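The values are calculated or read from the model by the stated rules, or taken from the named source; none is laboratory data. From a predicted model like this one, the values you see are computed outputs, not experimental measurements. Methodologically, a virtual Cβ is constructed for each residue, glycine included, from the backbone with ideal geometry; neighbour enumeration extends over all protein chains shown. SASA here: full protein model, heavy atoms, side chains in, ligands and nucleic acids out. Shrake-Rupley method; radii C 1.70, N 1.55, O 1.52, S 1.80 Å.
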Amino acid sequence: MITVIKNIKEIIQVEHTIRKWVAGKDMASLETIKNGFIEIKDGIISNFGSMEDWKGIDDWNNTEIIDANDGMVFPSYCDSHSHLVFAGNRENEWEQRLKGASYEEIAAKGGGILNSAKKLQNTGEEELLESALKRADEIIKMGTGAIEIKSGYGLTVDTELKMLRVIKKLNELSPLTIKATFLGAHAIPLEYKSRKSDYLDCIINEMLPRVAEESLAEYIDIFCEEGYFSVDDTERLLAEAKKWGLTPKTHVNQFTILGGVEASVKHGALSVDHLEIMNDDDFKALKGSECMPTLLPSCSFFLGIPYGPARKIMDEGMPVALATDFNPGSSPSGNMNFVASLGCIQMGMTPEEVINSTTINTAYAMGLSKELGSIAIGKKANLFITKPISSYAYIPYSFGHQHIDKIMINGQLQS
Ligand code: NIG
Ligand code: FE
């Protein structure tokens, strides 16, 4: 079956030669084709170009035509950092914050991640899957076509495995491309308070082997932060995870600079995420590495903490990725359009830079740059068609609005 999308006002983020990422000054460039068509065969982009060059239809019986009606086509967003599987919400903690309590104070009193863990421990697999499927549908409607999802609200052997099995089921049931990350080291459970190294032993000796044997995750994560896990803990866990074939994608530099960036890069991290604050050593560690600096502006927005230094990272010639961090505590939104708006409005990035940082660069940060992140021959047909809009900049500019008309995932139009 061949599908042709015709009458596209502009195809955004076309790629003739597949790149691993876009970095530095190149992030300001974005290749597009005006008045274009895209051809899709068996879910994969097989051709694209300008309408003038379209050869027409060979086999009417085997061709489906989609008229873009002068809308634009974007590659679907890749969201390379999320905690989309969770139980319940934490709006009560948010209300406490509105009255003056800090995120750290709430967490120190057993709220925060431990609160979500308690909720998840008391929620069955079916219910978790059902709520995750709903969220998956919501983000699909907002233009996301691939997402990385972390465990980390289980914090016991059984519940961490339960979370990862839900992620695996979700991957089977949802059209989204999903990558799983094992984040047993998200917080120290109350039972292990003041026995942190025993909990790390449990992660390393009991959880990791099961996660690897059941092929439940490709990536390993740890929250390297004051009151959570140290740089030594990070080094230890990442070294052990490597033996099981898991690649690091870590939470670092959210509130404190401890040296987690350097440790993660040293252990071959695919990405380091958060980076609300960075020092010279962090820049030095990242420069020339294969690690994607990933910023989470919705988390900065929701918690009122600094936005990561996107401009400085690009000025140093490095790539930047932007993801949602969708979770009930620090970013209860999985909207990549809003992330793009924050990138421009709060971080001083240009529309071209935010489009690069939410498509190709996030695809890299989840090991998918050969499959997703641009309109290129051979890549999956995960894309969205906009309603008529004046320019691609209109998407991040008109924050909070929704301009998507049709969504295609794996070549299939979504209803
Ligand atoms: O990425 N920083 C650690 N983890 C999450 C927040 C988790 C939560 O508050 O539930 C984050 O912001
Ligand atoms: Fe996170």
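A few remarks follow.
- Any hit, the stretch 28-35, residues being part of a helix (DSSP H, G or I) and touching a Ser or Thr at 6+ places or on another chain (Cβ under 7 Å): yes
- Members of the stretch 205-253 that are surrounded by fewer than 21 Cβ atoms within 10 Å (Cβ to Cβ), under 22 Å from the mean Cα position of the chain (by Cα) and polar (S, T, N, Q): Ser215, Thr247
- Qualifying residue in the stretch 323-332 (condition: in a helix (DSSP H, G or I), in contact with a helix residue (DSSP H, G or I) (Cβ under 9 Å, 6 or more places away or on another chain) and within 16 Å of ligand 2 (Cβ to nearest atom)): no
- For Val339, the conditions (1) assigned to a loop (DSSP other than H, G, I, E, B); (2) within 14 Å of ligand 2 (Cβ to nearest atom); (3) touching a residue at least 40 places away in the same chain (Cβ under 8 Å); (4) surrounded by 24 or more Cβ atoms within 10 Å (Cβ to Cβ) all hold with the exception of (1).
- Residues that are open to solvent by 20 Å² or more (accessible area, probe 1.4 Å), touching a strand residue (DSSP E or B) at 6+ places or on another chain (Cβ under 8 Å), part of a loop (DSSP other than H, G, I, E, B) and of a type in the set (D, E, K, R) within the stretch 360-380 comprise just one, Glu371.
- Test: residue in the stretch 68-79 that is hydroxyl-bearing (Ser, Thr, Tyr) and either within 16 Å of ligand 2 (Cβ to nearest atom) or in a loop (DSSP other than H, G, I, E, B) (or both): yes
- Residue list for the stretch 182-198, filter: within 16 Å of Arg236 (Cβ to Cβ), touching a residue at least 40 places away in the same chain (Cβ under 8 Å) and more than 16 Å from ligand 2 (Cβ to nearest atom): Ile188
- Test for Asp325: is it within 22 Å of Glu138 (Cα to Cα) and crowded, with 24+ Cβ neighbours inside 10 Å: yes
- Residue within the stretch 304-319 that is buried (at least 20 other Cβ atoms within 10 Å of the Cβ), under 14 Å from the mean Cα position of the chain (by Cα) and away from ligand 2 (no atom under 14 Å from the Cβ) present: no
- Within the stretch 94-113, being in a helix (DSSP H, G or I), open to solvent by less than 40 Å² (accessible area, probe 1.4 Å) and within 16 Å of ligand 2 (Cβ to nearest atom) holds for Tyr103, Ala107, Ile113.
- Among the residues examined, Ser289 qualifies as polar (S, T, N, Q), more than 12 Å from ligand 1 (Cβ to nearest atom) and part of a loop (DSSP other than H, G, I, E, B).
- When each of Met347, Met408 is tested for being farther than 30 Å from Leu114 by Cβ and open to solvent by less than 10 Å² (accessible area, probe 1.4 Å), the lone residue that passes is Met408.
- Some residue of the stretch 296-312 being within 16 Å of ligand 1 (Cβ to nearest atom), in contact (Cβ under 8 Å) with a residue 60 or more places away in the chain and under 21 Å from Gly145 (Cβ atoms): yes
- Sole residue being modelled with pLDDT of 95 or more, in the same structural domain as Ser82 (by TED's automatic domain parsing), hydroxyl-bearing (Ser, Thr, Tyr) and in contact with a Ser or Thr (Cβ under 7 Å, 6 or more places away or on another chain), chosen from Ser357, Ser341, Ser331: Ser331
- Any chance Leu275 is within 16 Å of ligand 1 (Cβ to nearest atom), closer than 30 Å to Leu98 by Cβ and over 20 Å from the mean Cα position of the chain (by Cα): no
- For Ile178, the criteria (1) crowded, with 16+ Cβ neighbours inside 10 Å; (2) within 18 Å of the chain's Cα centre (by Cα); (3) touching a residue at least 40 places away in the same chain (Cβ under 8 Å) hold in every case but one, which is (3).
- Those residues of the stretch 137-173 which are open to solvent by 10 Å² or more (accessible area, probe 1.4 Å) and either at positive phi or of a type in the set (Ser, Thr, Tyr) (or both), in sequence order: Thr156, Thr159
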